[in-house]
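Student: Okay, handing you the structure first.
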Amino acid sequence: MQVSKSFKQLVLLQLVIPVVLLAIAVYKGLSGVMYKAGFLQDKMQSLPNPLYALTGKSMLYALALTGFFTIALGQALIAFYYRQEPDKKVSWAGCILMMTGLLLFLSTGYVAGPEPVALPEPHPLFYTGVVIFIIGSWTSLLGWLSLHRQWKKNNPATVIPLAVSGLGVYAIIWTACSLMVTAEILLVLLPGSLGLLPSPNTGVLPTITGYFHHALSFCWIIPLYILLLTVLPVVAGGKLYSGLAGRMVLCSLLIISIPVVNQPSLPGILNYGIVITGLITVFILTLSLEYAGRKNGAKRNMFSWAERLPYFDEGRYLFAYLFCSLTLLATGSVSALSHIPLNDHTTWTTGSFHITVTGPVMLSMGGMSLYLYSYLSGKKISWPKLNVTIPYLWVMGILLFSFGLNWGGLLGQPLYNYTGQHTLKPDALSFRTEWLQANTLTLLGGLILLVAGILFLLVFAGTMLSRKTATSLLFIPVSTSYYPEKPFFLFNRLSPLLLIAGILIAVTILPPLIGRTGSHEEQAMLFSDNGSIKLPAQPVVQEPAPPVKNDSGLLLGFLAAVGVFILILLFCVQASGLQRKLRSQKTSFPG
């Protein structure tokens with residue numbers, strides 16, 4: 001599909017910005033791991049509130065990095081499926097507003113300071129930048145909505161494409177949660193930072209903040225699910241097993257993205273909801289990959305189809321990125337079944353989040369960004385052999401990184417705690433020798449992730465700096481359903497999904513906001529009298545430091561993780577030996 005120069009420049013700009021932010025994330029992530037493991041201990045004499053650092057990072061990575069990519073992906077998807085570009089003035093206005101918001105909260109130094117030191121309190125410009133960024137994203141969504149309504153008016157009986165349905169679910173979740181946090185900033189946080197509200201009522205803030213952070217994680221994973229369901233089967237050489245099941249998965253994500261606040265059973269209910277949704281997706285895509293393997297010439301043996309998948313095919317590198325994302329999603333979904341409420345405030349939470357969300361999301365973002373940039377710019381991928389090995393290196397790093405965090409969580413290591421300052425120093429009163437192995441393994445995984453991230457940045461930069469060799473096109477692989485889809489009223493329009501979200505919000509979120517002002521325990525734990533976030537004082541253990549003891553746990557854990565990865569790698573290498581035979585059967589599937 002040919003696109004205008006203005007639209008091409010818009011999408012390319014929105015793809016480059018997340019890659020630049022990814023470079024910052026690689027550095028900040030490594031420094032955070034090294035501080036936590038105790039290898040870096042300078043600038044930590046005055047330990048800041050870790051919740052501030054978490055908030056700053058969430059604005060930079062969870063909002064800006066994923067926000068720009070999702071908007072760019074949405075622009076490309078809706079233009080390709082509807083064969084018409086969204087309104088360019090509206091799209092550019094949204095992009096400019098998002099860039100302005102990003103520059104404003106970056107200019108405060110709140111997210112760019114040395115790790116882990118953060119400013120004592122957010123600057124008013126920080127809040128202003130967040131609001132402008134959110135308004136810019138809304139502007140882009142309005143362009144999508146206008147084009148969708150025009151298409152639906154011309155095609156009333158046609159089923160909405162699966163990818164566009166996913167974008168609709170994303171738009172509903174993002175609009176609902178960002179609208180609440182925008183009101184929170186404009187009515188409470190921004191006036192408080194300007195001194196206009198010396199003692200704001202912070203009772204509703206835990207409810208709004210909790211809902212926003214919960215829904216924001218689903219804004220991360222919806223683009224991942226869209227790419228897995230609509231792109232992975234076709235780049236593997238097959239079809240999606242069931243399009244209707246894919247739509248049900250997206251609708252389920254919308255339902256469980258709205259938490260039932262203040263319910264004791266909430267963590268378990270939501271946890272199993274995420275697990276079931278992930279496992280259904282894995283099941284659907286496993287059947288789709290089996291069909292692709294059989295179509296590529298596999299025999300009738302039970303697992304022979306797995307040998308016929310393009311693991312290291314340089315021409316279909318997008319398969320490697322999405323297949324590794326699916327592998328991490330499956331691993332994270334299974335590990336989430338062992339959720340223990342006592343681990344909610346330990347590093348177990350961080351490890352589970354990285355293997356279930358961060359790892360696969362970043363892989364899918366990287367692969368699709370490279371794919372879209374290559375096609376829209378008309379440039380070939382630099383170092384294709386290196387590019388196709390990056391996802392497998394990333395998987396190894398994520399597995400070691402998450403295993404170390406989960407191990408530390410089972411040993412009681414707290415979540416928001418730079419342990420290198422007061423629990424890993426042998427002369428500290430609260431020294432904990434049992435956390436040494438877990439943190440060292442986490443650091444090892446972080447170093448592997450650093451290498452994978454640097455290699456990806458080199459490939460992307462090399463592609464940017466290479467010469468144009470082909471015509472600029474917008475082309476996205478589209479998976480057809482193995483079983484023909486029948487129109488279903490719940491998925492043929494976006495209005496039923498919007499109605500479901502409205503009912504859930506009215507039942508679960510609004511009553512706490514209207515009927516209560518927050519419990520005194522929540523306010524005492526999270527907020528001070530002036531409305532700023534505070535952290536309970538670090539308890540000082542007066543027991544003498546236990547002696548360092550030899551523990552073979554690190555060695556055994558490392559060998560087990562590396563052994564599993566080597567087995568997977570050997571299988572993939574063996575399967576890749578069949579690529580010579582398959583190259584004569586290559587089809588036109590890109591990426």
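The values are calculated or read from the model by the stated rules, or taken from the named source; none is laboratory data. Everything numeric here is computed off the predicted structure, so don't read it as measured data. In this analysis, Cβ positions are derived from the backbone assuming ideal geometry, glycine residues included, and neighbour counts consider all displayed protein chains. SASA here: full protein model, heavy atoms, side chains in, ligands and nucleic acids out. Shrake-Rupley method; radii C 1.70, N 1.55, O 1.52, S 1.80 Å.
Student: Please list HIS123, HIS354 in order of solvent-accessible area, largest first, computed with a 1.4 Å probe with all protein chains present. Before the final figure, lay out each step's value.
Tutor: Details: HIS123 85, HIS354 45 Å².
Ranked list, largest accessible area first: HIS123, HIS354.
Student: If DNA, RNA and ligands are ignored and the probe is 1.4 Å, what is the ranking of TYR321, TYR81 by accessible area, most exposed first? Walk me through the intermediate numbers first.
Tutor: Working: TYR321 5, TYR81 45 Å².
Largest to smallest exposure gives the sequence TYR81, TYR321.
Student: Okay, next question. May I ask you to list the residues of region 273-302 whose amide nitrogen lies under 15 Å from a point 7 Å from Cα along the Cα→beta-carbon direction of ILE255?
Tutor: In region 273-302, the label zone of ILE255 (backbone N under 15 Å from the point 7 Å along Cα→Cβ) covers 273-281.
Student: Sum up the charges of everything whose Cβ sits under 12 Å from the Cβ of VAL3, counting Lys and Arg as +1 and Asp and Glu as -1, but leave VAL3 out.
Tutor: The answer is +3.
Student: Ok, one more. By how many nm would the segment from ARG300 to HIS123 grow when fully extended, if each residue of separation counts as 0.36 nm and the alpha-carbon distance is taken off?
Tutor: Values: separation 177, 0.36 × 177 = 63.72 nm, distance 6.36 nm.
So the extension gain works out to 57.4 nm.
Student: Please give the peptides 208-215, 297-304, 495-502 ranked by average Cβ packing (other Cβ atoms within 10 Å per residue), highest first, as a rough proxy for protection. Spell out each step's value before the answer.
Tutor: Details: 208-215: 18.9, 297-304: 11.6, 495-502: 15.2.
Those peptides, ordered most packed to least, come out 208-215, 495-502, 297-304.
Student: How much length would be gained if the chain were fully extended between ILE500 and LEU450, taking 0.36 nm per residue of separation minus their Cα-Cα distance, in nm to one decimal?
Tutor: Details: separation 50, 0.36 × 50 = 18.00 nm, distance 4.15 nm.
Extra length available between ILE500 and LEU450 comes to 13.9 nm.
Student: Just how large is the dipole of region 275-399 about the Cα centre, in debye to the nearest 20, putting +1 at every Lys and Arg Cβ and -1 at every Asp and Glu Cβ? Please report the intermediate quantities before stating the final value.
Tutor: Values: 9 positive and 5 negative charges, 112 e Å.
The dipole magnitude comes to about 540 debye.
Student: Give me the one-decimal nm value for the distance between modelled label points at GLU314 and LYS152, 7 Å along each residue's Cα-to-Cβ direction.
Tutor: Each label point lies 7 Å from its Cα, and together they span 4.6 nm.
Student: I've got another one for you. Sorted by accessible area with a 1.4 angstrom probe, largest first, how do THR70, THR158 fall? Mind dumping the intermediate values first?
Tutor: Values: THR70 5, THR158 60 Å².
Heavy-atom accessible area, descending, gives THR158, THR70.
Student: Right, something else. Accessible surface of PHE353 in the full protein assembly, 1.4 angstrom probe, to the nearest 10 Å²?
Tutor: Surface open to solvent at PHE353 totals about 80 Å².
Student: For region 306-376, what is the convex hull volume of its Cα atoms per residue in Å³? Intermediate results must be reported in sequence, preceding the final value.
Tutor: On the way: hull volume 6.1 nm³, N = 71.
Per-residue hull volume (Cα only) is 86 Å³.
Student: Something else: May I ask you to give the percent of accessible area on region 200-257 that is carbon plus sulfur, with a probe radius of 1.4 Å? Before the final figure, lay out the partial values.
Tutor: On the way: 790 of 1160 Å².
Roughly 69 percent, rounded to a whole number.
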